[in-house]
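First the structure, in the form of structure tokens, and then the observations on it.
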Amino acid sequence: MSSHNSGRAVFNTKFGAIATTVGSAVGLGNIWRFPYEAGIHGGGAFMICYLCFVFLIGVPLLCAEFCMGRGTRSNIFGAYRSLGGKRISHIAGPLGILASLLILSFYSVVAGWTVEYCLSSLTGALDFSNREAGHGQFVNLTTGWRPLIWTVVFLLTNFLILVSGVTKGIERASNVLMPLLFLLLVAFCVNSFFLPGFEEGIRFLFTPDFSKITSGVLLGAMGQAFFSLSLGLGCMMTYASYFSEKNRLGKTAATTAILDSAVAILAGVIIFPAVFSFNISPEAGPTLVFEVLPYIFNRLPGGMVWSTLFFLLLFLASLTSTVSMSEISITYFCEEKRMSRKRATILSTAIALAGGLLCALSFGAMSDVTIFGMTFFNLFDYLSSNICLPAGGFICSLFAGWWVSRKFISDQLTDHGRYGFGMTGAFIFCLRWLCPAAIFLIFLNSIGLL
Ligand code: PFF
């Protein structure tokens, strides 16, 4: 990243900008959240809804966030305000910041589990030779005081990366690590092929049973699409404010969506054959991946090495995502509240830490404290992914579709006419009608009004 003449940083290369954007999108959402959501919501039915949301709603919204971010070179508040939406900025801004802090809280807990699993693999302490051992070990590792420590360690690492500026290190690291993670996933997929439950797993994931598409499945799949693409909370808007003029926004959005869904599908192809091979319930919820993966590693020659490497990469992939979600509140505190970057980072980290500890305790001492029947962990996840992100996306699509001038959008998509973008009309149609209508109808449906 280098300095731009407006004083804001700009990504050095086109590849760096794409890799960092993909780095934000690819993370625990693909490898941990997608399989467990698909498992709870019936596999194939969820998958098909998820892919429709990614490409019909996600890609247009991603383009809209990119246009607003790069066109205004501003944080989420500033972007809405500069485009004439001062009032709306007071709704979209706080919603985005709230969502980012909620996500950062529970995400850090899961990222903390990856640290625990990585170290336990390294020291040979992981024993996943049978089902009871696997589940017992997960409970052991995620209750008590250890997850609290790892949550703190994770947030401190995130903090250190963030205060050192907008982040050469992360940009460089993403360039190397994301392809490496991808290769590792492909290797594990090949291994899945040899598992006894391969066929059943693949059938579960890819054969849609349309009768299973309920309002819960639709809401879950929409939430997952938003979460996975880091959409609806101004994250991609903030990142795009660091893009140079050279970045082609439509292409960047399509590349991000394709790679992001590819990683989620690879994760599904790795997890579900193992789920059926080892007789684990696909509906296990947030613990699914952590219970299943070590069985896979145990079967592999040199399993501990694979396991250590995998959890290390997953930890780093989580960091590239948390750095991006932290940027939302940090740029807001810096640019709107005139705080120094260091103070802004301390404030965001402190809030996430308080939330993170509540979420970590949800698996231990506070497991029976529930609000609306959900632990803090589940509540933060549900509220952010299924409510705040789609609501943010709803506002963004209406705003970019109806309020922002068509010329502004088209100038951003074509770099002021330097290259073609043949789909501006379809794109505006999606923003004006398709995205808001779909989000609205799914909301109505999920609260039983439709
Ligand atoms: N997209 C990330 C993932 O799939 O792990 C999670 C995420 C990152 C959500 C950044 C929101 C965000 F602003």
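The values are calculated or read from the model by the stated rules, or taken from the named source; none is laboratory data. Keep in mind it's a predicted model, so treat the numbers as computed, not measured. Quick reminder, even Gly has a Cβ in these numbers, built from the backbone with ideal geometry, and neighbours come from all protein chains shown. Please note that ligands, DNA and RNA were not included when accessible areas were found on the heavy atoms of the full protein model with its side chains. Shrake-Rupley method; radii C 1.70, N 1.55, O 1.52, S 1.80 Å.
Points to keep in mind about this one:
- Taking GluC sites (Glu not before Pro) as exposed when DSSP calls them loop and at most 12 other C-beta atoms lie within 10 angstrom, the chain has its longest site-free stretch at 1-244.
- Too-long pairs where the Cα-Cα distance tops 27 Å, listed order kept, from K251/K407; K251/K342; K86/K246; K14/K86: K251/K342; K86/K246; K14/K86
- The chain - percent of accessible surface contributed by carbon and sulfur, probe 1.4 Å: 67 percent
- The residues of region 331-402 present an accessible area of 44 Å² per residue when probed at 1.4 Å with all protein chains retained.
- In nm, spacing of pseudo-spin labels at S129 and M423 (7 Å Cα→C-beta vector): 5.3 nm
- Average accessible surface for region 39-93: 30 Å² per residue, computed with a 1.4 Å probe over protein heavy atoms with every protein chain in place.
- Segment S211-N140, length gained on full extension (0.36 nm per residue, minus Cα span): 21.7 nm
- Compared with the direct C-alpha span, the chain from I149 to K407 gains 87.8 nm at full extension, assuming 0.36 nm per residue.
- Along the chain, longest interval not containing exposed chymotrypsin sites (Phe, Trp or Tyr not before Pro), exposed being DSSP loop plus at most 14 other Cβ atoms within 10 Å: 195-371
- Cα-based shape type of region 215-269, given that a ≥ b ≥ c are square roots of the gyration tensor eigenvalues and the cut on a/c is 1.5: oblate
- Region 181-282, accessible area per residue, ligands and nucleic acids excluded (1.4 Å, Å²): 34 Å²
- Subtracting the Cα-Cα distance of F193 and R343 from their residue separation scaled by 0.36 nm leaves 49.0 nm.
- DSSP loop trypsin sites (Lys or Arg not before Pro) with at most 14 other Cβ within 10 Å: longest gap in the chain: 1-245
- Selection from A426, L83, L160, by position along the positive dipole direction of the chain (Cβ): L83
- Candidate aspartates and glutamates - alpha carbon under 19 Å from K212, same-chain residues fewer than 8 apart omitted: E37, E200, E283
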